[in-house]
Amino acid sequence: MKLFVMILSLLVSPAGAHEMTPTYPELKWSHITNVLTAQVVLLNMRSDAEYYEITVLDEDMNNIEFATSERILNVPYLERKTIDVYIRKSDKDKATYLCSRSRLRPNQVQSTGIQSRICSKFRK
Amino acid sequence: MFTKTIAVSAALLVGSVMAADVPITGEVMSKCSIYTDTAGVYGNPTPSTLSTSPQSGGVTPVVRYDVVLADAYKARISTPDGFTSSPSLTDAVIFTGSVTVDKVSDIGMSGYEAAKVTYNNVTEYDLTIAGSTWFGITSAMSYGVDKALPGGTYKAIATAECIAK
């Protein structure tokens, strides 16, 4: 009986994690004039999510323009990806959060899926 | 005797070369991890309602937040306010939901539930203590005035956010 409950709980629980480090990334001068850059590392331990969207937000959670290699990244299960974002010098004071959000495919969502978002805060 | 001494010395020398150190390093960085501990399932207790409550035949989704640094993050959890996919619905759909602390890894986190802030379909918790916290997300919906839901698959998404302070 105990074994049955354990197997059932494993089947019902697709445990996995979305993780982003560091908590407070630093904005540094990039090799481009008047452009700053910051770096975070994203780890995908969610078997049900393989795409993550990157955003840069102000303190009220409004979007700020930024550049990166891919806004929606493919991060395979159990893989880690280093993300570099670039923002204009004029946006330095406004830019507050660097966020990654899991993007779920409709066929990956069970009855109620869970979307995860982690926001690191720029060190100022 | 001399030959034996040379043999032992040689064995020691060879041994010292073979016994290589295998370093294991680890780094604990300040971070937040969101674990999807349990995926939710809607139960259909009456023809016009769906609910993730176990009493209604559903499964409550559970998310776990792991924070390494105390007082660095807040958890913001939103219950669904619409379906991401469903059969065509022609009448009013009303969603309700709640979030509660399910389990904690530190006794000091017992105050999280009393200190939570709720607005619209969003619940916020201040993660003031390092460790793991499990949150249960209950979602329910009703259709029209006791109108039977059309047959089909209903899917909704709850959002779990971890925001640095």
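Structure notes:
- Counting, for every residue in A:88-99, the Cβ atoms of other protein chains within 10 Å of its Cβ and taking the mean gives 1.
- Listed as lacking a disulfide-compatible partner in the protein assembly as shown: no cysteine, by the criterion of no other cysteine Cβ under 4.7 Å.
- Summarising the amide proton neighbourhood of B:A70: residues at separation of 5 or more, or on other chains, whose placed amide H is nearer than 5 Å comprise B:A130.
- Acute angle (nearest 10 degrees) that the helix A:2-12 long axis makes with the longest principal axis of chain A, alpha-carbon atoms: 40
- Within a Gaussian network of chain A (alpha carbon springs, distance under 10 Å), most fluctuating of A:P22, A:P106, A:P76: A:P106
- Using a Gaussian network model of chain A in which every pair of alpha carbons under 10 angstrom is joined by a spring, one finds that among A:S47, A:S30, A:S111 the greatest mean-square fluctuation is at A:S111.
- Cα centre as origin, Lys/Arg/Asp/Glu Cβ charges: chain A dipole, Debye: 160
- Partner lysines for B:K165 [C-alpha distance under 26 Å; skip if fewer than 8 residues away on the same chain]: A:K28, A:K81, A:K89, A:K92, A:K94, A:K121, A:K124, B:K31, B:K74, B:K103, B:K116
- For B:S30, distant residues with modelled amide H under 5 Å away: A:T23
Each value in this text was obtained by applying a stated rule to the coordinates, not by laboratory testing. Note that the structure is a prediction, hence the values are computed from the model and not measured. Reconstructed Cβ throughout: ideal geometry from the backbone, glycine too, with neighbour counts over all protein chains shown.
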